[in-house]
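**Q** Dropping a structure here in structure tokens format, bear with me for questions.
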Amino acid sequence: MRRQPKITMLAAVVVIALCAAAVATTGVVVAAARQSRVELASPLLLYPVVQRTEGACPAGTRGVTGPEPSCYQVTEGIVIRRVGEAGVRLLRDDSHGVILQLVGADSEAFAGLTRAQRGKQIVVVVNGEVVAAPWVDSPITGGEVVITGRFTRSDAERLVHDLTGGRS
């Protein structure tokens with residue numbers, strides 16, 4: 001009869017451990033669900049640049065015309081529709097940049113794009129307009145996209161608003 005209390009005690013310990021595990025798992029799931037996601041009003045299109053030439057892109061060219069004007073001939077890129085965060089940051093040169101925190105598969109796709117384009121250019125297109133055409137110095141694997149262009153604070157805030165539809 002002395003075995004019964006040991007078995008009861010063991011069962012109680014197992015039940016308590018299972019309850020603790022369930023509470024911890026629920027906390028992780030709730031925290032992941034609360035991670036903010038901002039749906040972009042206009043998709044962010046990121047294309048690898050194959051060649052850049054002066055002037056507008058001729059009809060039939062797979063490319064986008066930048067404001068310089070320059071024709072950026074591009075290949076298949078990635079489309080970003082939602083981000084973890086979107087905001088404005090003051091940069092070292094006293095201009096402002098737009099910060100987008102990529103999440104999940106988009107972060108991985110961006111890392112792959114920047115790995116493949118190391119030492120080359122990518123073009124960032126929003127609403128059919130080139131907003132930046134940076135050179136990739138090294139792969140960007142942290143998921144943070146910084147769109148620069150010597151923006152004033154109001155220009156950067158306007159771009160964040162245009163990207164997120166005011167939902168940042």
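The values are calculated or read from the model by the stated rules, or taken from the named source; none is laboratory data. Source: prediction; values computed, not measured. Glycine gets a Cβ as well: all are built from the backbone with ideal geometry, and neighbour counts include every protein chain shown. We work out accessible area using only protein heavy atoms, side chains counted, and drop any ligands, DNA or RNA first. Shrake-Rupley method; radii C 1.70, N 1.55, O 1.52, S 1.80 Å.
**Q** Taking the C-alpha atoms of the stretch 42-168, how large are the radius of gyration and the largest Cα-Cα span, Dmax, in Å?
**A** When restricted to the Cα atoms of the stretch 42-168, Rg and Dmax are 14.1, 40 Å.
**Q** Could you order E144, E54 so the one with the most accessible surface comes first? Probe is 1.4 Å.
**A** Sorted by accessible area, descending: E54, E144.
**Q** Right, another one. Provide the FRET efficiency to the nearest 0.05 for the E144-V50 pair, computing r from the beta carbons and using R0 = 41 Å.
**A** Once the sixth-power term is evaluated, E becomes 0.95.
**Q** What nm value, rounded to one decimal, do you get for the distance between W135 and L90 when each label is placed 7 Å out toward the C-beta?
**A** In this crude label model, W135 to L90 measures out at 2.8 nm.
**Q** Suppose the chain between H161 and E108 were pulled fully straight at 0.36 nm per residue; how much longer would it get relative to their current alpha carbon spacing?
**A** Between H161 and E108, full extension yields 16.6 nm more.
**Q** Give the value in nm², to one decimal: projected area of the alpha carbon convex hull of the stretch 129-168, averaged over all directions.
**A** One quarter of the hull surface, i.e. the mean projection, equals 3.7 nm².
**Q** Beta carbons within 10 angstrom, averaged per residue: use that to sort the peptides 115-123, 93-101, highest first.
**A** The most tightly packed comes first, giving 93-101, 115-123.
**Q** Shifting gears a bit: How long is the gain from A59 to R81 if the chain were fully straight, where each residue apart is worth 0.36 nm and the alpha carbon distance is subtracted?
**A** 5.1 nm
**Q** Here's another thing I want to ask about it. Protein chains only, probe 1.4 Å: how do C71, C57 rank by accessible area, largest first?
**A** Largest accessible area first, the list is C57, C71.
**Q** Kirkwood Rh, the stretch 67-109, all Cα pairs: how many Å?
**A** Here the Kirkwood hydrodynamic radius works out to 13.0 Å.
**Q** For the stretch 85-159, taking Cα atoms only, what is the radius of gyration to one decimal and the Dmax to the nearest whole Å?
**A** 12.3, 33
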